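The values are calculated or read from the model by the stated rules, or taken from the named source; none is laboratory data. Since we're looking at a predicted model, the values are computed, not measured. All Cβ positions, even for glycine, are placed from backbone atoms using ideal geometry, and neighbour counts span all protein chains on display. To get the accessible areas, we keep the full protein, side chains included, count just its heavy atoms, and leave off ligands, DNA and RNA. Shrake-Rupley method; radii C 1.70, N 1.55, O 1.52, S 1.80 Å.
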Amino acid sequence: MRFSTQLKVGSALLAAGLALSACGVSADEGTSGGSSGAAAGPVKGLRILVPNSPGSGYDTTARAAAKAMQDAGLASTIEVFNSAGAGGTVGLQRLVNEKGQDDILMQMGLGVVGAVYTNKSKATLNETVPIAKLIEESEAIVVPAGSPYTTLDQLVAAWKADPGKVPVGGASNAGGPDHLTPMLLAKAVGITPKDVNYVAYDGGGDLLTGILGKKVAFAATGVSEVAEQAKNGDVKILAVTSAKPVAGVDAPTLKDLGVDMEFSNWRGIVGPPGLSAEKTAQYIDLVTKMHGSEQWKKTLADQGWTDSFQTGEEFKTFLAAQNESVAGVLKELGLTS
């Protein structure tokens, strides 16, 4: 996560004042592959829990990773299933309840970090076993086709005039990336975050329906979730939140438009409490081999995701820093006590 208004996690942010029904993916056993930890051949019987609805960013990432693993012959019979609710903390609680199980991992990211705080979740990420951070992704500031706001300046002017009459949608509960983005943007342009009329949707699919139906004036969401619609002319991306423009997306950065803000969402994988050292090593080996595969490299390019691979202890350190930073952000925004 990178926050900026000039926001670079934590200190600069504070100085400025201030993630439906079960679904499966499976494939026949590959014939290539190699060793995975202590076991030779493809990993078998893996389940990946998605703590959000089908079509969400977590769901897309988990299914893309599962496909890459299978296509590369690194794993077989991977089941990807959804357990949505409470910003990802319903799924997190389910993972924690699977303590000691060695056949399950959970796709997660920044949204779950924030939801633990805002939903006062009993289950925490500190109980999980970090496996790998996979990607970062820019957020998009997006409006429906036919919107009266064709530039960011027009949108901001109307938003500042009456924040309550300019609803913004996102596929995150409070504390998630789609929620933090408009809150940080509001702060950057001189709007009190508490005045923002934020409408939470249950996943990217529902949010897109809301955008296309003009239920919200604008939305903040992962670039990959609206890039195709933008190319088709169904929506218009007014800006992206990354430091640099996103390849294949016809939109300037916020900084290009004079708004001193950067923000990146991220997604990774964790295991349940009590996962053995042997299985932890096997899963880290699995995702490391996937990361090096041509299948995953193509996925990154196709989705417009930024590679930000970390594993094991490095990812654990990153998670600890994220927990601390998000807690501070939410408090400064007045969203937690």
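Residues whose amide H falls under 5 Å from that of E262, counting only those 5 or more places apart or on a different chain, are S4, T5, L7, with hydrogens built in the peptide plane. Net length available on complete extension from K297 to A320 is 5.5 nm, with 0.36 nm assigned per residue and the Cα-Cα distance removed. Treating only the Cα positions of the range 142-242 as identical point scatterers, give the base-10 log of I(q)/I(0) from the Debye formula at each q in 0.10, 0.22, 0.24 Å⁻¹. The Cα Debye sum returns log10 ratios of -0.22, -1.19, -1.45.
Each residue of the range 327-334 was assigned a 3J(HN,Hα) from its phi angle through the Karplus curve 6.51 cos²θ - 1.76 cosθ + 1.60 (θ = phi - 60°); the sequence is 4, x, 4, 4, 5, 5, 7, x Hz, with glycine and proline shown as x. With a cut-off of 14 Å on the backbone N, the residues of the range 294-332 near the modelled label site 7 Å out from E228 along Cα-Cβ are 302-304. Expressed as a whole percent, the accessible area of the chain that falls on carbon and sulfur atoms is 49 (1.4 Å probe). Rolling a 1.4 Å probe across the protein heavy atoms gives the chain an accessible surface of 39 Å² per residue. Taking one quarter of the surface of the convex hull spanned by the alpha-carbon atoms of the range 87-165 gives a direction-averaged projected area of 8.1 nm².
For the residue pairs K67/K120; K165/K255; K99/K187; K99/K194; K122/K236, alpha carbon separations beyond 30 Å are given by K67/K120; K99/K187; K99/K194; K122/K236.
Largest accessible area first, the residues E262, E228 order themselves as E228, E262 under a 1.4 Å probe with ligands, DNA and RNA left out.
With all pairs of different C-alpha atoms in the average, the Kirkwood value for the hydrodynamic radius of the range 194-337 is 18.2 Å.
Other residues whose C-beta falls under 11 angstrom from the C-beta of A188 contribute a net charge of 0, scoring Lys and Arg +1 and Asp and Glu -1.
Divide the volume of the convex hull around the Cα atoms of the range 198-248 by the residue count and you get 85 Å³ per residue. Heavy-atom accessible area with a 1.4 Å probe sorts Y149, Y58, largest first, into Y149, Y58. Take the Cα of K122, step 7 Å toward its Cβ, do the same at E278, and the gap between the two points is 3.2 nm.
Please state the charge dipole magnitude for the range 170-229, taken about the Cα centre, from unit charges on C-beta atoms (+1 on K and R, -1 on D and E), reported in debye and rounded to the nearest 20. Before the final figure, lay out each step's value.
Values: 4 positive and 6 negative charges, 54 e Å.
The calculated dipole for the range 170-229 is roughly 260 debye.
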